[in-house]
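Q: The structure follows.
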Amino acid sequence: MKVLIIGGGGREHAIARKVALSPKLSRLYCAPGNAGIAECAQCVAIPVNEHEKLADFAVKEGIDLTIVGPDDPLVAGVVDVFEEKGLRVFGPRKNAAIIEGSKAFSKELMKKYQIPTATYETFENSKEAIEYLKNSNYPIVLKADGLALGKGVLICTHFDEAADGVKAIMEDKQFGAAGDRLVVEEFMTGREVSVLAFCDGSHIVTMTSAQDHKRAKDGDEGLNTGGMGTFSPSPFYTGEVDEFCRKYIYQQTLDAMKAEGREFKGILFVGLMLTKEGPKVLEYNARFGDPEAQVVLPRMKNDLLEVCEACIDGQLDKIDLEFEDNAAVCVILASEGYPEHYEKGFVIHGLDAFKGKDNYYAFHAGTKLSGNDIVTNGGRVLGVTAKGKDLKEARNRAYEAAGWIGYDNKYMRKDIGKAIDEI
Ligand code: AMP
Ligand code: GLY
């Protein structure tokens, strides 16, 4: 099979490494890819938002399957463009990717189908939102309706902060059109868990659980980022929690989408908060998590191409999804200053140390080739993942391997997986 992956971050490198293991694969392309992906795929310089160009490339090269990594092209309808040209593509159509693209939509869906989540109100007018916030309990959560690179969520501890947040989102349009509508949501406390699931429209099969660390600094301080590190499995996602979610969340969501005429095929990523009253949905994403994919995919035993094809063909019930009985930890190596201002273009040393080591991975996120060097080219530079027999061993190895890498302005959190010590 000839396969095209759309995207160029750590998640897409993890997908590419996994696809490269498939005996079905004859040729792998990635658009636009990055310096690490270039080691297992042919990178094609087409940006992820150039849907027609991507589809034309797929037609020209006779691509048998395209896998879409990032949220933007999915929400903007890249799958529809590919399907119109008769191409096979793994990911939800535009009318289903809205489950990630609009928080107002996903909250409405959960309310209508009684899927457990935080109580909320939606506003299209900032004055009404501010009026509502005068009489609310604090802390409270403000969410820009649309995509905002994981930054459109504000947790406000008092009214003045919330009023400023409403102005920033709805009036100053800090997140652009994503702030045309605002969701105001009850603040929940508990452990967060990410559960990614394959979906074929009717069947949903969950992968092993993971936990992300969204804040930039140790101790969950600092700004929200795309994710600074992950571990898998989450020991807090117990059999009991899984049973609850199976009963009240996963299949319900898929059935709800179908009932709304928005059949969901691809990856449904359910962000859960394990509250005292039970698991509740924090958010839905319509794609693999980044860096969740970097800990989940290395543990997956199945052939990813086979599973993607089963999703497209509505045959997911025929697949027995299996994961290794071990653990994985990913530490993100970032550029000092991320997620705000940072410098790039620094030479990365130490990547050769990963060669030939089965349980260690250096997934490239923001990297590029410059002459013979690989240099930093983004806020999140590399995802260093290690597998071990348990979470502690995986974490020790991941930090050991993170030390093999050197570049100017290297920054990482030192406490990825700290929660493991509490069990
Ligand atoms: P989201 O993009 O909706 O996942 O939100 C980003 C992050 O904000 C989540 O991972 C949580 O840490 C936090 N968050 C979102 N909604 C809530 C909520 N209702 N209560 C507490 N924290 C939240
Ligand atoms: N790591 C969270 C996300 O991919 O949205």
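Q: Computing the accessible area with a 1.4 Å probe over protein heavy atoms, can you report the carbon and sulfur percentage for region 54-178?
A: Details: 2770 of 5740 Å².
With neighbouring chains kept in place, the figure for region 54-178 is 48 percent.
Q: Then there's this: Run the 1.4 Å probe and let me know the accessible area of Phe198, rounded to the nearest 10 Å².
A: Estimated to the nearest 10 Å², Phe198 gives 0 Å².
Q: To continue, here is another question. Output the Cα-based Rg and Dmax of region 138-187 in Å, rounding Rg to one decimal and Dmax to a whole number.
A: Looking at region 138-187, its Cα Rg and Dmax stand at 9.7, 26 Å.
Q: A further question on this structure: Using θ = phi - 60° and the Karplus relation 6.51 cos²θ - 1.76 cosθ + 1.60, list the HN-Hα couplings for region 199-212 in order, rounded to whole Hz, with x at every Gly or Pro.
A: Coupling constants for region 199-212: 9, 10, x, 10, 9, 10, 10, 7, 8, 5, 7, 8, 10, 9 Hz.
Q: Then there is this: Bins of 10 Å, beginning at zero and ending with the bin holding the largest distance: percent of Cα pairs per bin for region 1-119, please.
A: 14, 42, 27, 13, 4
Q: Set the Förster distance to 30 Å, then compute FRET efficiency between Lys53 and Glu340 from the Cβ-Cβ distance, nearest 0.05. Show your work: numbers first, answer last.
A: Values: r = 32 Å, r/R0 = 1.06.
In this case the efficiency is close to 0.40.
Q: Between Glu400 and Lys173, what length comes free when the chain is fully extended (0.36 nm per residue of separation minus the Cα-Cα distance, one decimal in nm)?
A: Values: separation 227, 0.36 × 227 = 81.72 nm, distance 4.24 nm.
Length difference between fully extended and current span is 77.5 nm.
Q: Convert 37 °C to kelvin, take the viscosity as 0.692 mPa s, use the Kirkwood radius over C-alpha pairs of region 195-315 as Rh, and evaluate the Stokes-Einstein diffusion coefficient in µm²/s, rounded to a whole number.
A: Working: Rh = 15.2 Å.
Estimated via Stokes-Einstein, D reaches 216 µm²/s.
Q: Roughly how many Å² of Asp180 are accessible to a 1.4 Å probe, to the nearest 10?
A: The value for Asp180 is about 80 Å².
Q: Once fully extended, how much extra length lies between Ala45 and Lys357, figured as 0.36 nm per residue of separation less the alpha-carbon to alpha-carbon distance? Intermediate values should be presented prior to the final figure.
A: Working: separation 312, 0.36 × 312 = 112.32 nm, distance 3.00 nm.
Length gained, Ala45 through Lys357: 109.3 nm.
Q: Provide the gained length on full extension for the span Ser370 to Ser26, in nm with one decimal, where the gain is 0.36 nm per separating residue minus the Cα-Cα distance. Let's see the in-between values first.
A: Working: separation 344, 0.36 × 344 = 123.84 nm, distance 2.84 nm.
Once the chain is fully extended between Ser370 and Ser26, it gains 121.0 nm.
Q: Take the chain, drop everything but the C-alpha atoms, weight them equally and run the Debye formula without solvent; then report log10 I(q)/I(0) at 0.07, 0.08, 0.11, 0.13 Å⁻¹ to two decimals.
A: Those come out to -0.31, -0.41, -0.82, -1.18, one per q.
Q: Remind me, relative contact order of the chain in percent, using alpha carbon pairs under 8 angstrom and six or more residues apart? Intermediate values should be presented prior to the final figure.
A: Working: 991 pairs, mean separation 68.9, N = 423.
RCO, the chain: 16 percent.
Q: Report the label-to-label distance for Glu84 and Lys414 in nanometres (one decimal), using points 7 Å from each Cα along the Cα→Cβ vector.
A: 5.4
Q: Tell me which residues come under 5 Å, amide H to amide H, from Thr367 once H is placed; ignore anything under 5 positions away on its chain.
A: Those lying under 5 Å, H to H, from Thr367 are Ala35, Asn377.
Q: Mind listing the long-range amide H neighbours of Cys30? Cut-off is under 5 Å, sequence gap 5 or more, other chains count too, H placed in the peptide plane at 1.01 Å from N.
A: Residues meeting the amide H criterion: Ile5, Gln42, Cys43, Val44.
Q: Could I ask something else about it? Spelling out what I want: for every residue of region 261-271, take phi, set θ = phi - 60°, compute 6.51 cos²θ - 1.76 cosθ + 1.60 (Karplus), and round to whole Hz; glycine and proline get x.
A: Per-residue couplings from phi come out as x, 10, 3, 9, 10, x, 9, 9, 10, 9, x Hz.
Q: Still on this model: I'd like to check one number: the per residue accessible area of the chain, probe 1.4 Å, reported in Å² as a whole number. If you can, show how the numbers build up before the last one.
A: Numbers: 17690 Å² over 423 residues.
Result: 42 Å² of accessible area for each residue.
Q: Using r as the Cβ-Cβ distance of Asp242 and Asn95, and R0 as 25 Å, what FRET efficiency do you calculate, to the nearest 0.05?
A: For Asp242 and Asn95, the calculated efficiency is 0.30.
The values are calculated or read from the model by the stated rules, or taken from the named source; none is laboratory data. Note that the coordinates shown come from a computational prediction; the quantities given were computed from them, not determined experimentally. Don't worry about glycine lacking a Cβ; one is built from the backbone with ideal geometry, like all the others, and counts go over all protein chains shown. SASA here: full protein model, heavy atoms, side chains in, ligands and nucleic acids out. Shrake-Rupley method; radii C 1.70, N 1.55, O 1.52, S 1.80 Å.
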